[in-house]
Every structure is written in C-alpha cells, then in structure tokens.
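Computed from the coordinates by the stated procedures, all read-outs in this text should not be read as laboratory data. Nothing here was measured: the structure is a model prediction, and the numbers come from that model. All Cβ positions, even for glycine, are placed from backbone atoms using ideal geometry, and neighbour counts span all protein chains on display.
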Amino acid sequence: MIKVFIDGKEGTTGLKLYGRLKGRPDVVVREIPEAHRKDREARRDFINESDVTFLCLPDDGARESVALAENENVRIIDASTAHRTAPGWAYGFPELSAAHRAAIASGKRVANPGCHASGFIALAYPLLAAGAIEKSGLLHCFSLTGYSGGGKKMIAEYEAEEKSDALLSPRQYGLGQAHKHLKEMQAVCGLENAPVFSPVVAPFYAGMQVTLQLYKPAAELEEIYKEHYKNAKLVRVEKADAFGGYLPANAFAGRDDMLITVCGNDERAACVALFDNLGKGASGAAVQNMNVMFGLPEETGLEIGK
C-alpha cells in the first residue's frame, strides 16, 4: 500500500489528483484535518510519514514543503513551477527518453511538467533528438487551453452568470514573452533560444492544443514521432482524419493520454499535441510519474482512449 499525502489538495490540480487516487486499492491517501492544513508542523508530519507527497502549491509553498521533508525515504512529486529546472530533480515526462524514465523511476524528487510545456516539449524534443531541427533554431509555438488551467479564480470568472464579453472569445496572454513555462521549454529541450510562445485561454473548461509550426515535410516529421513514441502507453501518433478537417482543442478533455498529429504538406507542417491540461498536462501526469516511481504499469488508474 502506497501512503500518499497531497499538500495543497484544495486547488484544481490537487482535487483532480485526489479524485484519481482516492479509489485505488493500492493507495491510501492521508488527509490532513482542515484546521491544520496550513499548520507547518502538521504538514511536516504528514509529509514525513508518507511514501510519496504531491505538491499542488504555489512555488514558494512548494519550496517550503520540500524543506520540511526530512525523511530520506519520502519521494516528492512537485506540480508547481518551482523545481522543473532545478538540479537534482528528475523531469517527469518519461516518454522523452530512456534516461528520463530511469531518472523518474529511481528519483526521490520529480518535477511534474507544466501544461503548455508538456505539449511543446512532446513535439520539439523528438525532432531535436533526431536532428530534424537544430538547438540553435528559432521556433514558434501557440497553445490553446481551457480555462480550468487558470485555477479556481479563473474558473469562477468564466462560469459566473454575468461576465464580461471578453470571456466569450479566446484571449491571448503572456504578451511580454515571459510566460513561466518558457524556462523549462528551453531548458528541457536544450534550446539556445526560447521559442516565441503565444498561449491562448478560450471559453471551454478543459483541453489543450499545442502547435509547433515548421518549414519541413509533414510526412518526414510524422515518421520521427512514430519512431520516438512507438512504445509509449500515454502518447500516440495518428493522423487527424477522425476530426473531419478540424482539430478541436478539447478533443482529449477528460483523458490522461496525448495525441500527436502532423498536418501539412511537403513544404510546411503544423505539429500538434492534443491532451487535457488537467490530465497529461497536470494531475494525470503526476499519477503516471508515481506509477513509474513505484514500478507499476504507468497507465494504472488513468483514463486512456482506445
């Protein structure tokens, strides 16, 4: 039985994570009493008595919780931005390489990827590894996300009976090219330059569509992805034929796997990752990482399409 503590269970990611783990027969989720959930010493006890602690906290809170982990056997999966490029932390995307998977399996500290970053890295990393694009290249990426990625405050704004007309249309943000995911996107891929990145939040609850546009033959890129992800359980590579000429950004809402598809022709290609910002982009990835850490089938307890 794996003893789990979720530090920050009240947030969007924490609640989803709790829902995924609560019913598993191989997991016991230890719940801190409401009156003590912000009590430093109480949290210290729960962290150190767990087999694995998930951090679903703001960055400063995540750093504080790591400092409270005094039991060397406690394993931590951090869903915040705090440790995604930190030395000594494994990056929690096992499909990237055998080395990434091994680091997660043996690691005591695993940083869960950011949602936008998951899509970009899933698309860029295999092409860089195959030499199809250069680390010195100038890349461009845009990403559509459902509003649940903005947390409880944004969810309340979008779901209010009366709201601004601005919330009825997609809204681009991160306009100063300083989005918090850029650092990991560049570092994990080993890029010399951060990509030009345009994130867009749209009026649907969950789902994500990340696009990397390249002047490359679409068929060539598709073959690289197929080879790279041929043994992956949670990343599939398929043509977009099933969507009738459109790619809905919420097509994978409610799922924990990711679809990669390449659209285009012999000159230009749009490489697209479709997934759920709360699934493979957050709590689903965290559960997958826990499964890898404890030697379980990585899809255990996850929702994967046929």
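A few comments on the model shown:
- Computed from point charges on the beta carbon alone (+1 for Lys and Arg, -1 for Asp and Glu), the dipole magnitude for the range 200-256 about its Cα centre is near 140 Debye.
- Report note on the peptides 48-59, 95-106: ranked by the mean count of other C-beta atoms within 10 Å, highest first, their order is 48-59, 95-106.
- Dividing the summed helix terms, -39500 (n - 2.57) for each DSSP H run of n ≥ 4, by the number of residues in the chain produces a 222 nm estimate of -9000 deg cm²/dmol to the nearest 500.
- Set of lysines near Lys230 by C-alpha distance (under 26 Å), chain-local residues within fewer than 8 positions excluded: Lys135, Lys216, Lys239, Lys280, Lys306
- Only Lys, Arg, Asp and Glu carry charge here, each on its Cβ (+1 for the first two, -1 for the last two); on that basis the range 107-195 has a dipole of about 440 debye about its Cα centre.
- By the count of neighbouring beta-carbon atoms within 10 Å, fewest first, Leu68, Leu21, Leu212 end up ordered Leu68, Leu21, Leu212.
- Annotation for the range 1-82: trypsin sites (Lys or Arg not before Pro) lying in DSSP loop with at most 11 further Cβ atoms inside 10 Å of their Cβ are Lys38.
- Ranking of Met290, Met208 by neighbouring Cβ atoms within 10 Å, starting from the fewest: Met290, Met208.
- By the combined test of axial Cα extent (at least 18 Å) and Kyte-Doolittle hydropathy (mean at least -1.0), the qualifying DSSP H helices of the chain come to 115-129.
- Across the options Cys263, Ala86, Tyr225, the greatest Cα extent toward the positive end of the charge dipole of the chain (unit charges at beta carbon of Lys, Arg, Asp, Glu) belongs to Ala86.
- As a rough footprinting exposure proxy, the listed residues Asp165, Asp26 were ranked by other beta carbons within 10 Å of their own, and the order from fewest upward is Asp165, Asp26.
- For Val27, net neighbour charge (Lys/Arg +1, Asp/Glu -1) across residues whose Cβ lies under 12 Å away: +3
- Share of alpha-carbon pairs per 5 Å distance bin for the range 115-277, given as whole %: 2, 9, 18, 21, 20, 15, 9, 4, 2, 1, 0
- Signed unit charges on C-beta, dipole axis of the range 17-64, positive-most listed residue Val27, Asn48, Gly61: Val27
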